[in-house]
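Heads up: the structure comes next, in structure tokens.
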Amino acid sequence: MTGNTKKRFLNRLIFTFFGVTLLLPLQSYASVNGAKADTLFRRNPGTVTPKGPYRPERTKKSDILYTRLDVQFDWVKQQVPASAVLKFKSHFYPQNTLELDAKGFEIKGVALLDTVRDYGVLTTEEITGKVKKKLEYTYDKRKLIVKLGQNYSRKDTLFIKIDYVARPNNVSRDKPDDSQSDKGLYFINADGMDEGKPRQIWTQGETEGSSCWFPTIDAPNQKFTQDFYITVDSTYKTLSNGLLVGQEEGKKGTRIDHWKQSLPHAPYLAMLAVGDFAVAKDMMPNGLELSYYVEPKYGVDAHAIFGRTPEMIGFFSNIFGMEFPWEKYAQIVVRDFVAGAMENTTATVHEEGVQNDTRSLVDGNSDAVIAHELAHHWFGDYVTAEEWGQLPLNESFANYSEYLWSEYNDGKYEADWGNLQEMKQYLAESETKQVPMIRYFYKDRENMFDSHSYAKGGRILHMLRSYVGDDAFFAALQYYLKTHAFGTAEIDDLRMAFEKITGQDLNWFFDQWFHRPGHPSLKIQQEYIAPSGKVLLKIKQTQDTTATTVYRLPLKVDVWVSGKKSQYEVLVDKVNQTLEFPAAKKPDLVIFDSDAQLLGVVEHEKNRIEMEFQYLNADRFLHKYEALSQLEGSLADSTVKNILVKAMDDPFWKLRQMAISNFGEYAGEGFADIEKIIQSHARLDPHPQVRSEAIITLASFGDNNSDPIFREALTDSSYQVVSVAIEKYLMGQPNDANEIAAQFENSPNDAIVTSVGNYYAGLAQPERFEWFLEKMKSMKPTEKYNFLQVFGKYLIKSKQDIQRKSIPVLEGLARESPSYFVRFGAFQALGLLTDIQGVSALRKDIRAKETEPKLKEMYSQFGDL
């Protein structure tokens, strides 16, 4: 899974709100890059994360083998009248009760049924006729304990039927392990009063949300097959796990859709969705059907959004050594989703940020999150972590699969750029949280969905791949998958798979990376001894080795002498250690970890000349990136300036972008020539990020020489470039500013509208108030947060009557927006109005009544800003 209001991690976006820099999720890795980002807020170093109680795998008293659901929907009450038939048996020891998770239900009755071979082919009436006897039960709104009347052994297979009403809005939340936000099943715009928002129903099971809408043993170590009969208004489409094997006309304009999942999976992966969707389809060569469910207005864009999926499936099938193991693959986009995306078996749910028109995809697609959720169908769905403390067995692989797809599809530099962002994300979290990857002790299972399980886990797998080699790495993954097919696993199962394939003992690797917290911090002092012709690297592991460990780090070192590179394999395994390498003269450059695979912090001081050499000669993205980063701010040096000019034509877009950004506000020697180069990139660079950066840099010169380029960029193919060009063009207050603003104020792209809003905010015209409100209504959560910033700027400059009119709008967003970062943005915007009586008390009340753990944490970290 990726990015969620409480967890899930994909890309991240960086927001600045009135001077406060926030790293917020958008999962999906969201609007442009796909979804995955947990919120990372920096606290005081040294904060210790509470350990929490021991969390074992859920004891298996009984096994659910099969689930049949017959569900209907009460839109008015937002309830689910339903019945469930469960096929189960005792796991090993005889049982006289069946303990089920069932949160917030109204239980109508429980009955033991006569055993039949397949309840999936029976009508509800026929099932009722099979009732053998009614059963007694106890129910405390969380656990339904069914009394079976006698002991049954593991050789006995039983069927029970439970009639109930699920009430997801009434789930209890007053016990320590209760989720403070999960409802399992969500009605969206149930009364139809939210103009412009579709009416939908969808589910979200991870971690224990499925038991909010059907009775089950809601633990990841359970696996069952299922038949779901979904009764809906005949105008709606449905989606669920498995195949749609039947549709029947129901009563009063309804239809009953029968979805059958014939392969076993865990309860948290069960799903359904209901709504008005356009459906586009693809077909794999082996006959596997793929489908993409989007809102009708995006129907023409569905293949542009999801069209790489067939190639992804072929790619992952090849490298994992196993064909896609399920019956179909569907992807659906829903409104107000509480996670970035969710890998429900055969039916992934995405939040609305992936839903873009084809032109928007020029600026970036959602391949990262699409690859992430698809890879879960091997790692997570097919082989499932047995307990939430083992979550990296699911999420680390899905995270690393983003790298694998990017490496294959976009090239190694693009993959390594993403790899660097992931490492930074983990390192930011590690300043306040260092816990083992595999956690047998934790306070809240939702806390497992962090940068450790995702970003750090993916980087660990990258190191493991580098250590054992590609052939062994992928052979071990294939062995692991086949050995635990349709079952569960723990971290030692993965270790033993790698040991089986490689013939090596890998306890040391798994112990230091999966079972211990932290990461290595290395300080390297370099010295050349001329008489002996040696270069020395004095290495000190500076991490707290009592809290973490002394790391064993096999890696490579490159030593460049007279322009020639020699590479050495070394092992760092002591707190203090000196490595020696032959060098006939002082080296041009020494690169520690030449494969750029190490997860950790390396402090290796190099001078400007070495960094110049490194950019010009290194062949790894990370080393070139490091060199350019270190050369920033040195434009007074002609050699550095020439290298940065050269880097503006680097084959990789990110390095070009970095080089161009270095010339912001430049006014030195050769300015005219440099300005022409940047103007050329603003017009012609193939990458929109570089064109945008060029426009930003040109605007920093303040000479108006580039106004025609800004004007020209208003017709760029990239929405991002257009939005930047509008902002920079209007900033110069040209004569046609109002005309240009009016031309773009109704753009279908939210970023462009936000740029226009920034211009209108500066004017602070009272008549624009309704325009701001109208535009904010239809924006996606990501852009709504950004738009709140320009709305805040507008309010600051406005008179108090406009400010007062905004208070109920901001209050509504701060209390009720489905996106917690939008709630936070509205709360902060209210903070600009505290001079108005009652606003401070209102903010205090909003903060006190917030239930989302992540947002409560944000409030506590930042105080009342």
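Just so it is clear, none of the values below were taken in a lab; they were calculated from the coordinates. Here the structure is a predicted model, which means the values were calculated and not measured. Using ideal geometry, Cβ is built from the backbone for each residue, glycine included, and neighbour counts are taken over all protein chains shown.
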Margin query: Within the range 470-488, name every residue whose backbone N is under 20 Å away from a label modeled 7 Å from Cα of HIS91 along the Cβ vector.
Written below: 484-488
Notebook entry, point to check: Can you give me the relative contact order of the range 620-744 as a percent, contacts being Cα pairs under 8 Å and 6 or more apart?
Noted result: 17
Note to self: Just want the answer: with Cβ charges of +1 for Lys and Arg and -1 for Asp and Glu, which residue in SER860, ALA618, ASN735 is farthest toward the dipole's positive end in the chain?
What the structure shows: SER860
Check: Once you charge only the Cβ atoms, +1 for Lys and Arg and -1 for Asp and Glu, what is the size of the charge dipole of the range 397-504 about its Cα centre, to the nearest 20 debye?
Finding: 280
Item checked: Cα gyration tensor category, rounded, prolate or oblate, for the range 749-865 with a/c compared to 1.5 -> oblate
Next item on the list: Just add up the charged neighbours of GLY670: K/R +1, D/E -1, any other residue whose Cβ is under 14 Å from the Cβ of GLY670.
Entry: -1
Check: Which Cα, out of HIS452, GLN434, ALA398, lies furthest along the positive dipole direction of the range 396-477 (beta carbon charges, K/R +1, D/E -1)?
Finding: GLN434
Next item on the list: First measure r as the distance between the Cβ atoms of SER153 and SER262, then evaluate 1/(1 + (r/R0)^6) with R0 = 35 Å and state the FRET efficiency to the nearest 0.05.
Entry: 0.85
Margin query: Taking the alpha-carbon distance from LYS252 and a cut-off under 13 Å, which aspartates and glutamates remain once sequence neighbours fewer than 8 residues away in the same chain are dropped?
Written below: ASP233
Margin query: Nothing charged except the Cβ atoms of Lys and Arg (+1) and of Asp and Glu (-1): what's the magnitude of the dipole of the chain about its Cα centre? Round to the nearest 20 debye.
Written below: 2340
Checklist line | Cα gyration tensor shape for the range 224-361, rounded if a/c is under 1.5, else prolate or oblate | finding: oblate
Next item on the list: Note down the relative contact order for the chain as a percent, whole number, built from C-alpha pairs under 8 angstrom at least six residues apart.
Entry: 10
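Given +1 on the Cβ of Lys and Arg, -1 on the Cβ of Asp and Glu, and no further charges, what dipole in debye does the range 521-598 carry about its Cα centre, rounded to the nearest 20?
On the way: 11 positive and 9 negative charges, 47 e Å.
Using only the charged Cβ atoms, the result is roughly 220 debye.
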Check: Hey, fewest Cβ within 10 Å first, where do ILE145, ILE524 land in order?
Finding: ILE145, ILE524
Margin query: Checking the table LYS328/LYS500; LYS197/LYS223; LYS500/LYS574; LYS556/LYS585; LYS183/LYS433 against a 24 Å threshold on Cα-Cα, which pairs fail?
Written below: LYS328/LYS500; LYS197/LYS223; LYS500/LYS574; LYS183/LYS433
Margin query: With the cut-off at 1.5 for a/c, could you classify the range 59-218 from its C-alpha gyration tensor as rounded, prolate or oblate?
Written below: prolate
Notebook entry, point to check: Across the range 728-865, how many lysine pairs, 8 or more apart or on two chains, come within less than 16 Å at their alpha-carbon atoms?
Noted result: 7
Next item on the list: Give the calculated FRET efficiency between GLU569 and GLU632 to the nearest 0.05, with a Förster radius of 25 Å applied to their Cβ-Cβ distance.
Entry: 0.15
Next item on the list: For the range 516-579 and the range 425-466, write down the distance between their C-alpha centroids in whole Å.
Entry: 25
Check: Counting only DSSP beta bridges with both residues in the chain, what percent are antiparallel, rounded to the nearest 5?
Finding: 85
Next item on the list: Name the long-range amide H neighbours of GLN78: under 5 Å, sequence gap of 5 or more, or other chain; modelled H, no Pro or chain starts.
Entry: none
Margin query: If neighbour count is taken as other Cβ atoms inside 10 Å, put VAL721, VAL369 in order from fewest to most.
Written below: VAL721, VAL369
Check: For helix 820-830, what angle does its Cα long axis make with the longest principal axis of the chain, in degrees from 0 to 90 and rounded to 10?
Finding: 60
Item checked: Net charge of Cβ neighbours under 15 Å - reference GLY109; Lys, Arg +1; Asp, Glu -1 -> +3
Margin query: Please rank LEU263, LEU810, LEU684, LEU833, fewest neighbouring Cβ atoms within 10 Å first, as an exposure proxy.
Written below: LEU684, LEU263, LEU833, LEU810
Check: Hey, what number do you get for the chain at 222 nm if only DSSP H runs of n ≥ 4 count, each worth -39500 (n - 2.57), divided across all residues, to the nearest 500?
Finding: -10500 deg cm²/dmol
Notebook entry, point to check: Once you put a point 7 Å from the Cα of PHE671 and another 7 Å from the Cα of GLN837, both along the Cβ direction, what distance in nm separates them?
Noted result: 5.5
